[in-house]
Amino acid sequence: MTRLADAFPAHRAALVTFVTAGDGPTPAILDALVEGGADVIELGMPFTDPMADGPAIQAANLRSFSAGTTTAGIFAIAAGFRDRHPSIPLVLMGYANPMLRRGADWFAGQAARAGVDGVICVDLPPEEDELAPALTAAGVSFIRLATPTTDAARLPAVLSGASGFVYYVSVAGITGLQQAAQLSIDEAVTRLKQATNLPVAVGFGVRTPEQAAGIARVADGVVVGSAIVDIIGRHGADAPAPVRAFVRSLANAMADARKVPA
């Protein structure tokens with residue numbers, strides 16, 4: 001939890017990057033994300049029915065399964081990352097089935113032992129949440145999702161038990177295909193920050209340095225996933241170098257976009 005808290009400095013937005021575990025040379029790609037300037041890494045757990053994900057991440061899941069990725073393998077990747085990068089936060093992102101099939105306590109314990117800092121579960125509503133208490137007890141943050149349809153009545157339930165940061169899904173749809181208007185993002189971030197002291201990171205549909213810079217002026221973090229996954233899909237085993245270059249372009253653009261005081 002300390003690593004996550006330190007990853008969101010007051011003077012600038014954090015760059016949060018996503019890749020799918022087992023899609024391409026994952027350890028080298030994770031190293032490239034750090035070398036490019038990512039502040040937080042989200043490692044996706046492939047799933048057979050990724051209802052929130054668009055074509056890019058769906059294809060990455062299929063590539064990962066074809067490579068033989070397992071839950072044990074994902075934790076091994078996470079543990080290796082922690083050994084190489086002791087100060088960079090690592091967040092697992094995925095769906096409830098792989099996380100809960102052996103029980104919430106088992107998953108939380110494995111995550112903690114692998115050095116995972118946080119978990120995002122896309123399809124587990126607060127009313128049915130058995131994962132957050134287990135993760136909290138294990139010292140792992142449970143990061144909740146807010147969306148454009150999360151109204152004032154619903155927001156307290158979404159934020160209950162949340163830690164690490166709040167992930168604002170800026171479009172009502174799947175990853176990678178749509179882009180929210182900057183004004184709607186500005187308004188949503190303002191509303192969320194009035195309801196929580198946690199950092200607010202904005203994702204879904206962020207594909208260019210210019211988009212990342214615009215969001216960085218108002219949010220505490222910017223999440224980029226599908227654009228990176230597309231690069232991995234195009235370059236395969238040779239992906240680390242172009243991933244590093246793209247992430248560096250995002251980090252540079254965001255560094256020049258000073259946050260607007262609240």
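The values are calculated or read from the model by the stated rules, or taken from the named source; none is laboratory data. Note that this is a predicted model, so its numbers are computed, not measured. Here the Cβ positions follow ideal geometry from the backbone for every residue, glycine too, while neighbour counts run over all protein chains shown. Note: accessible area is taken over every heavy atom of the protein model, side chains too, but ligands, DNA and RNA are not part of it. Shrake-Rupley method; radii C 1.70, N 1.55, O 1.52, S 1.80 Å.
Just give me the residues in the stretch 12-27 being farther than 15 Å from ALA78 by Cα, open to solvent by less than 10 Å² (accessible area, probe 1.4 Å) and part of a loop (DSSP other than H, G, I, E, B), in sequence order.
ALA13
Output the residues belonging to the stretch 57-76 that are open to solvent by 20 Å² or more (accessible area, probe 1.4 Å) and in a helix (DSSP H, G or I).
GLN58, ALA59, LEU62, ARG63, PHE65, SER66, THR71, ALA72, GLY73, ALA76
Condition check ((1) of a type outside the set (Gly, Ala, Ser); (2) surrounded by fewer than 23 Cβ atoms within 10 Å (Cβ to Cβ); (3) on the phi < 0 side of the Ramachandran plot) across all residues:
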{"site": "ALA181", "(1), (2), (3)": "no, yes, yes"}
{"site": "LYS193", "(1), (2), (3)": "yes, yes, yes"}
{"site": "ALA201", "(1), (2), (3)": "no, no, yes"}
{"site": "GLN211", "(1), (2), (3)": "yes, yes, yes"}
{"site": "ALA219", "(1), (2), (3)": "no, no, yes"}
{"site": "VAL229", "(1), (2), (3)": "yes, no, yes"}
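Name the pairs: first residue in the stretch 24-36 and touching a residue at least 24 places away in the same chain (Cβ under 8 Å), second residue part of a helix (DSSP H, G or I) and open to solvent by 40 Å² or more (accessible area, probe 1.4 Å), Cβ to Cβ under 6 Å, at least 6 apart or on different chains?
Final answer for the pair search is PRO25/ALA237; ALA32/ARG244; GLU35/ARG244; GLY36/ARG244; GLY36/ARG248.
Is it fair to say ASP53 is among the charged types (D, E, K, R), in a loop (DSSP other than H, G, I, E, B) and either at pLDDT 95 or above or more than 18 Å from GLY24 (Cα to Cα) (or both)?
Working: among the charged types (D, E, K, R): yes; in a loop (DSSP other than H, G, I, E, B): yes; either at pLDDT 95 or above or more than 18 Å from GLY24 (Cα to Cα) (or both): yes.
When the stated conditions are applied, ASP53 passes them.
Can you name every residue in the stretch 30-50 that is surrounded by fewer than 24 Cβ atoms within 10 Å (Cβ to Cβ) and assigned to a helix (DSSP H, G or I)?
ASP31, VAL34, GLU35, GLY36
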